[in-house]
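Notes for the one structure printed next.
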Amino acid sequence: MENKEIKKEEPNKYVKELTQEKYKYGFTTEVHTEIIEKGLSEEVVRLISAKKGEPEWLLEFRLKAYRHWLTMEMPTWAHLRIPEIDYQAISYYADPTAKKKDAPKSLDEVDPELLKTFDKLGIPLEEQMALSGMAVDAVMDSVSVKTTFKETLMEKGIIFCSISEAVREHPDLVQKYLGSVVPYRDNYFAALNSAVFSDGSFVYIPKGVRCPMELSTYFRINAANTGQFERTLIVADDDSYVSYLEGCTAPMRDENQLHAAIVEIVVNDRAEVKYSTVQNWYPGDAEGKGGVYNFVTKRGHCKGVDSKLSWTQVETGSAITWKYPSCILSGDNSIAEFYSVAVTNNHQQADTGTKMIHLGRNTRSTIVSKGISAGLSENSYRGLVRVAEKADNARNYSQCDSLLLGDKCGAHTFPYMDIRNETAIVEHEATTSKISEDQIFYCNQRGISTEDAIGLIVNGYAKEVINKLPMEFAVEAQKLLSISLEGSVG
Amino acid sequence: MNPEQQYIELFEQCEAMICKHSAEVLNAPRARAFADFKQLSFPTRKIEAYKYTDAAKLFAPDYGLNLNRLDIPVNPYDVFKCDVPNLSTALYFMVNDRFYGKALPKNNFPAGLLIGSLKELSTQYPDLLAKYYGKLGDTSKDAIVALNTMLAQDGLLLYVPKGMAVEKPIQLVNILRADVNFMVNRRVLIIIEDGAQARLLMCDHTMDKVDFLATQVIEVFVGAGATFDLYELEESTTSTTRFSNLYVHQEADSNVLVNGITLHNGTTRNTTHVTLAGQGAHIDLCGMAIADKHQHVDNNTFIDHAVNDCTSNELFKYVLDDSATGAFAGKVLVREGAQHTSSQQTNRNLCVTRQARMYTQPQLEIYADDVKCSHGATVGQLDESALFYMRQRGIGEKEARLLLMFAFVGEVIDTIRLDALRDRLHLLVDKRFRGEMGKCQGCTMCSGK
């Protein structure tokens, strides 16, 4: 299995060298990986479930989702050109820990490479982790490699483990909340994920507990021809608080990889969840070859009164991004925020935004979206603000700005506002512009190269969002922005 | 039976009759439109552009049509005097979908200007009209345009030759008049040649209480350096459904103002498609709607910045009371190479009651980098502190609310470039808010004679 993989890499060596500078995380980690046969069928769904030793109800959930998925068609409404995806040419399960059961040893093998990446991304593991006081659940391909700091968290009653472990050890919680925010019928990719999801993280913060450290998951697609279908479930019980970070990378491959994840968040009375993502999947090379298809359903449910959910995302990777982190504000006085920076370069395409569904009274939402397009890329903001009949005094403010770096790229905004309550105040503003010549000239005069100047200006432009990220992420997110735009000026 | 079927059967049976009572230029694209219509179906709410107006449902009922062009015994010049004080216009009428050609006023327009029945004039000037008719209203994209092209037999033509400035504003009053549920399909063709100037005011009125379904396709060609103002004012009844498709094609340095005002209506869907095809072209696209009861106003606009150095300004305001529904979709496309584009779009809406619905979708699609584009949309209520300020000064709450609503839509009225018409509209809007709709002076319809 291992040899087969290396052979596949050989023909692309030249491309790899050529693009190495642009995408720093394009290594494959040579871990023995068990991959099941390509293709998707009811047997595959049963096989995944069996491999993970799942209970009957979960298999039922998967099968229902799979059968429903068969009746659906891939959505075409996004402003994206998605090449046809052959769902039978993908392997739906890859387990990098299969050969050696003793996890720590396997982690040692991974370590140098992982650490390098973590360095770049600012997600420290083990030693670094101890310094920054973070707990990390690393998901490689489909299986959680290791969850650190578990014991420390356990003392507080916090559950932070892989979702398969949670299914085994906390089946009641998982059964209660799984699919409660994103039902398996929700959309095409959610149905697919519900059928074949392999692993992900599970977080439960008990009543009144403020999570003492930032929880973090690191996702990585490693093996070739595999899709990653992780599923994250976060439940914040009354009066609790948690900040959760998610980072993603993938090796360079010239065939496209599919990533269809689901994130579900339940926020109870007076609880607060902060979810930050730095997404840096392989975006494909300068010719638009390869890259990850990132089709993600993320949704949080502000169920309780005075609950708060905040999404922050920095999207620099993926060949195609289709992602709308959403909030359902059903608790009275609940608050939702969405801060996003999406950068597209070369042939990347992104259609991203948010949905704010106001159901409860006195609910508030803020949307700040900054799109940056360069090269031949397409960058769209698509958002919905819905105020239901009973959502008295709902308040929304949306701002989406686009910055164009080049005359071959596209920047689009598609906001939707459906207002059904006369007490609502909803505002939307959008601007599109390019970096002013004056600003660049000013920097040039002071000895700053045009490329650096652009990095500087773009970072200033995105600052409003980056400031919302936890410190460790913010520094690296700034660097990522510069890396992503490398070579876009000229 | 699907709603398309009755129209397909109608056309198959009556094609000869339709053609006989029309002109060659109008007949030419019918077969093509029919073929397109059979391919397409009426847009349902599943179609993105018609998400908020279910056209298929609105076209399903059985309406009468006057394909045989029977005379309607009414002289609009006698019964209808909704003129604008202090504004002397060249007044024309269209009764249902037929241009009223009797007793035309003498307007002493300069020679060369053509205004009148599309059918008559296209018989006289077939070469001129064949060049323009049906060239903007693409029948392969929209079933409603296809249907209109299939069935339209007459309408208005306005042709202003090169360099001619028409001082006197032209007014066209569309009257809907029938004793049974009735469908009309009218067509307007406007050609403003290079350097010419003209202003057109179109008013929609409904005289009877039966159900009306009106489709209209307006094609406007504006030549280089020409200026054209189009004001549309709808004052119909709650049982009137209107589908209007306006196409504007602008050459270099042309300046166009379109202002669509919906004062009173049933269900209205206005589709506006503007192409800025020459450098330096400018469009002001404005609209306003005041709706209550179960009225429905849907404005769908598309501005295509096809070349560089064009500017567009869009301003739409809605005031929704009772169970009214408002929808606005404004798309601005800046094509590759359309540098130095400047585009502003604003949509502001007031929802007065819980039952009122507003759906707004401002959209930007941009493929050029040296551009300044922005859009803003808000939905909200009147400013409480402004209300409080006025009440402190002894203005009753109701009056204060009216004043604020009036000021809110005033911005759209102020874009009108005809002083007398602007004053008149301020008055009409004021009356509309006070619930004194349709009570203008003199005219037979309003005074209930």
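The values are calculated or read from the model by the stated rules, or taken from the named source; none is laboratory data. These figures come from a predicted structure and were not determined experimentally. Backbone-built Cβ (ideal geometry, glycine too); neighbour counts: all protein chains shown.
Could you list, ordered by first residue, the pairs with Cβ atoms under 7 Å in which the first is in region B:107-120 and basic (Lys, Arg) and the second is buried (at least 16 other Cβ atoms within 10 Å of the Cβ), at least 6 apart or interchain?
Sorted first by the residue in region B:107-120, then by its partner, the pairs are B:LYS119/B:SER22; B:LYS119/B:ALA23; B:LYS119/B:LEU26; B:LYS119/B:GLN153; B:LYS119/B:ASP154.
Can you say whether A:ASP306 is in a loop (DSSP other than H, G, I, E, B), without any contact (Cβ under 8 Å) to a residue 60 or more places away in the chain and within 14 Å of chain B (Cβ to nearest Cβ), as far as the supplied structure shows?
Working: in a loop (DSSP other than H, G, I, E, B): yes; without any contact (Cβ under 8 Å) to a residue 60 or more places away in the chain: yes; within 14 Å of chain B (Cβ to nearest Cβ): no.
In short, no.
Residue-wise test of (1) in a strand (DSSP E or B); (2) crowded, with 18+ Cβ neighbours inside 10 Å.
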{"site": "A:SER369", "(1), (2)": "yes, yes"}
{"site": "A:ASN379", "(1), (2)": "yes, yes"}
{"site": "A:TYR397", "(1), (2)": "yes, no"}
{"site": "A:CYS400", "(1), (2)": "yes, yes"}
{"site": "A:VAL426", "(1), (2)": "yes, yes"}
{"site": "A:TYR442", "(1), (2)": "no, no"}
{"site": "A:GLY460", "(1), (2)": "no, no"}
{"site": "A:LEU469", "(1), (2)": "no, yes"}
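Of the residues A:ASP407, A:ASP418, which single one is closer than 23 Å to A:THR297 by Cα, at the interface with chain B (Cβ under 9 Å from one of its Cβ atoms) and among the charged types (D, E, K, R)? Spell out how you get there, then give the answer.
On the way: A:ASP407 fails: closer than 23 Å to A:THR297 by Cα.
So the residue among A:ASP407, A:ASP418 that is closer than 23 Å to A:THR297 by Cα, at the interface with chain B (Cβ under 9 Å from one of its Cβ atoms) and among the charged types (D, E, K, R) is A:ASP418.
Looking at B:ASP204, is it buried (at least 24 other Cβ atoms within 10 Å of the Cβ) and in contact (Cβ under 8 Å) with a residue 24 or more places away in the chain?
Numbers: buried (at least 24 other Cβ atoms within 10 Å of the Cβ): yes; in contact (Cβ under 8 Å) with a residue 24 or more places away in the chain: yes.
Yes: the conditions hold for B:ASP204.
Would you confirm, using the coordinates I've provided, whether A:SER433 is buried (at least 24 other Cβ atoms within 10 Å of the Cβ), among the hydroxyl-bearing types (Ser, Thr, Tyr) and either assigned to a strand (DSSP E or B) or under 26 Å from the mean Cα position of the chain (by Cα) (or both)? Talk me through it step by step, then tell me what you get.
Numbers: buried (at least 24 other Cβ atoms within 10 Å of the Cβ): no; among the hydroxyl-bearing types (Ser, Thr, Tyr): yes; either assigned to a strand (DSSP E or B) or under 26 Å from the mean Cα position of the chain (by Cα) (or both): yes.
No: the conditions fail for A:SER433.
Sort out which residues of region B:298-331 are buried (at least 23 other Cβ atoms within 10 Å of the Cβ) and either over 19 Å from the mean Cα position of the chain (by Cα) or farther than 26 Å from A:ARG420 by Cβ (or both), and write them in order of number.
Passing the criteria: B:ILE303, B:HIS305, B:CYS310, B:SER312, B:LEU320, B:ALA324.
Can you pull out every residue in region A:51-82 that is surrounded by 13 or more Cβ atoms within 10 Å (Cβ to Cβ) and within 14 Å of chain B (Cβ to nearest Cβ)?
Listed by number, the residues that qualify are A:PRO75, A:ALA78, A:HIS79, A:LEU80.
Mind listing whichever residues of region A:151-208 are under 24 Å from the mean Cα position of the chain (by Cα), over 22 Å from A:VAL267 (Cβ atoms) and acidic (Asp, Glu)?
Within region A:151-208, A:GLU165, A:ASP199 meet the criteria.
Part of a helix (DSSP H, G or I), within 14 Å of chain B (Cβ to nearest Cβ), free of Cβ contacts under 8 Å to residues at least 40 places away in the same chain and among the acidic types (Asp, Glu): which single residue out of A:ASP438, A:ASP392 fits that description? So that I can check it myself, show each step before the final result.
Numbers: A:ASP392 fails: part of a helix (DSSP H, G or I).
Unique residue meeting the criteria: A:ASP438.
Check A:THR450, A:THR431 and return the single one that is more than 9 Å from every other protein chain (Cβ to nearest Cβ) and either touching a helix residue (DSSP H, G or I) at 6+ places or on another chain (Cβ under 9 Å) or not small (Gly, Ala, Ser) (or both). Before you say what the answer is, go through the steps one by one.
Numbers: A:THR431 fails: more than 9 Å from every other protein chain (Cβ to nearest Cβ).
Of A:THR450, A:THR431, the one residue that is more than 9 Å from every other protein chain (Cβ to nearest Cβ) and either touching a helix residue (DSSP H, G or I) at 6+ places or on another chain (Cβ under 9 Å) or not small (Gly, Ala, Ser) (or both) is A:THR450.
Are there helices (runs of 4 or more DSSP H) fully within region B:11-100 with at least 1 residues that are more than 30 Å from B:LEU421 (Cα to Cα)? List them.
Values: elements: B:24-27, B:30-39, B:55-59, B:76-79.
Filter on region B:11-100 gives B:24-27, B:30-39, B:55-59.
How many of the residues in region A:187-213 are at pLDDT below 90, of a type in the set (D, E, K, R) and surrounded by fewer than 24 Cβ atoms within 10 Å (Cβ to Cβ)?
0
If you check A:SER164, A:SER216, A:SER240, which single one turns out to be buried (at least 18 other Cβ atoms within 10 Å of the Cβ), in contact with an Asp or Glu (Cβ under 8 Å, 6 or more places away or on another chain) and modelled with pLDDT under 85? Give the steps one after another, and end with the answer.
Details: A:SER164 fails: modelled with pLDDT under 85; A:SER240 fails: modelled with pLDDT under 85.
None of the others qualify; the one that does is A:SER216.
In region A:444-458, which residue that is surrounded by fewer than 15 Cβ atoms within 10 Å (Cβ to Cβ) and part of a helix (DSSP H, G or I) is nearest to the chain's Cα centre (by Cα)? I'd like the intermediate steps shown before the answer.
Here is the first cut: in region A:444-458, the residues surrounded by fewer than 15 Cβ atoms within 10 Å (Cβ to Cβ) are A:444-447, A:449-450, A:452.
Checking the rest, the ones that are also part of a helix (DSSP H, G or I) come to A:444-445, A:450, A:452.
On the way: A:ASN444: 36, A:GLN445: 39, A:THR450: 31, A:ASP452: 28 Å.
Looking at the filtered set, the residue picked out is A:ASP452.
In region B:365-391, how many residues are in a loop (DSSP other than H, G, I, E, B), at the interface with chain A (Cβ under 7 Å from one of its Cβ atoms) and either among the acidic types (Asp, Glu) or buried (at least 20 other Cβ atoms within 10 Å of the Cβ) (or both)?
Of the residues in region B:365-391, 5 are in a loop (DSSP other than H, G, I, E, B), at the interface with chain A (Cβ under 7 Å from one of its Cβ atoms) and either among the acidic types (Asp, Glu) or buried (at least 20 other Cβ atoms within 10 Å of the Cβ) (or both).
Take the residues in region B:344-364 that are more than 7 Å from chain A (Cβ to nearest Cβ) and part of a strand (DSSP E or B); name whichever of them is surrounded by the most Cβ atoms within 10 Å (Cβ to Cβ). I'd like the intermediate steps shown before the answer.
Keep residues of region B:344-364 that are more than 7 Å from chain A (Cβ to nearest Cβ), which gives B:344-350, B:355.
Right, trim to part of a strand (DSSP E or B) and you get B:344-350.
Numbers: B:GLN344: 16, B:GLN345: 25, B:THR346: 20, B:ASN347: 27, B:ARG348: 21, B:ASN349: 24, B:LEU350: 23.
The selected residue is B:ASN347.
If I filter region B:233-244 for residues that are at positive phi and either without any contact (Cβ under 8 Å) to a residue 24 or more places away in the chain or in contact with a strand residue (DSSP E or B) (Cβ under 9 Å, 6 or more places away or on another chain) (or both), do I get at least one hit? Before you say what the answer is, go through the steps one by one.
The first filter runs over region B:233-244 and keeps only residues at positive phi, leaving none.
No; the residues of region B:233-244 include none that is at positive phi and either without any contact (Cβ under 8 Å) to a residue 24 or more places away in the chain or in contact with a strand residue (DSSP E or B) (Cβ under 9 Å, 6 or more places away or on another chain) (or both).
Which of the residues spanning region A:179-194 are more than 13 Å from A:TYR324 (Cβ to Cβ) and assigned to a helix (DSSP H, G or I)?
Taking region A:179-194 as the starting set, the residues that turn out to be more than 13 Å from A:TYR324 (Cβ to Cβ) are A:179-181, A:183-185, A:188, A:191-194.
A:TYR188, A:ALA191, A:LEU192, A:ASN193, A:SER194, listed by residue number.
For region A:40-69, what are the residues that are among the hydrophobic types (A, V, I, L, M, F, W, C) and assigned to a helix (DSSP H, G or I)? Quick ask: steps written out before the conclusion?
Kept after step one, since they are among the hydrophobic types (A, V, I, L, M, F, W, C), are these residues of region A:40-69: A:40, A:44-45, A:47-48, A:50, A:57-59, A:61, A:63, A:65, A:69.
Within region A:40-69, A:VAL44, A:VAL45, A:LEU47, A:ILE48, A:ALA50, A:TRP57, A:LEU58, A:LEU59, A:PHE61, A:LEU63, A:ALA65, A:TRP69 meet the criteria.
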